[in-house]
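Please read the structure below before turning to the comments.
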């Protein structure tokens, strides 16, 4: 059954001026299309439309570049509660390994506080200024790694 939906993994590279390290994001997005070719074109367009540049709070240029797709899969089911989006299979999994795959509620990402990733500061100077101006939120309050 063709649902007309595809899941694409978009690969973006983020670079910050004067920092030799890059950050790579792999983002899963849904694409509605009538064929795999159309889904491919639309997913690439979504990726290219995400390209941008701006200044971080230190005034350094940040660039986000679309590097391509790492996955494009057709969804076999209509989107609704319980619909299978994608799957992974493994053969010969030990009981110990199986227990390590299944996470308790408090270790699922949706229930954990946001984590500040190591690496260059690619936050947006403009967005942080808007948060402070419109909501009174300072950079330290907005920073999830700030434990004070």
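Coordinate-derived values only; no laboratory data. Given the structure is predicted, the values throughout are model-derived calculations rather than measurements. Quick reminder, even Gly has a Cβ in these numbers, built from the backbone with ideal geometry, and neighbours come from all protein chains shown.
Details
- Among 75, 103, sorting on how many other beta-carbon atoms sit within 10 Å of each Cβ, with the fewest leading, yields 103, 75.
- Listed values [x] 16.6; [y] 18.7; [z] 15.4 include one computed from this model; for Kirkwood radius over Cα pairs in Å that value carries the label [y].
- Our note on the geometry: Cα centres of segment 20-37 and segment 53-75, 10 Å apart.
- Using a simple spin-label model with pseudo-atoms 7 Å out from Cα toward Cβ, residue 76 and residue 55 lie 5.3 nm apart.
- Per-residue ellipticity at 222 nm from helix content only, as computed over the chain with -39500 (n - 2.57) for each DSSP H run of at least four residues, stands at -7000 deg cm²/dmol.
- Two-site FRET efficiency, residue 129 against residue 30, from Cβ-Cβ distance with R₀ of 35 Å, rounded to 0.05: 0.65
- Taking 0.36 nm per residue of separation and subtracting the current Cα-Cα distance, fully stretching the chain between residue 18 and residue 103 would add 26.7 nm.
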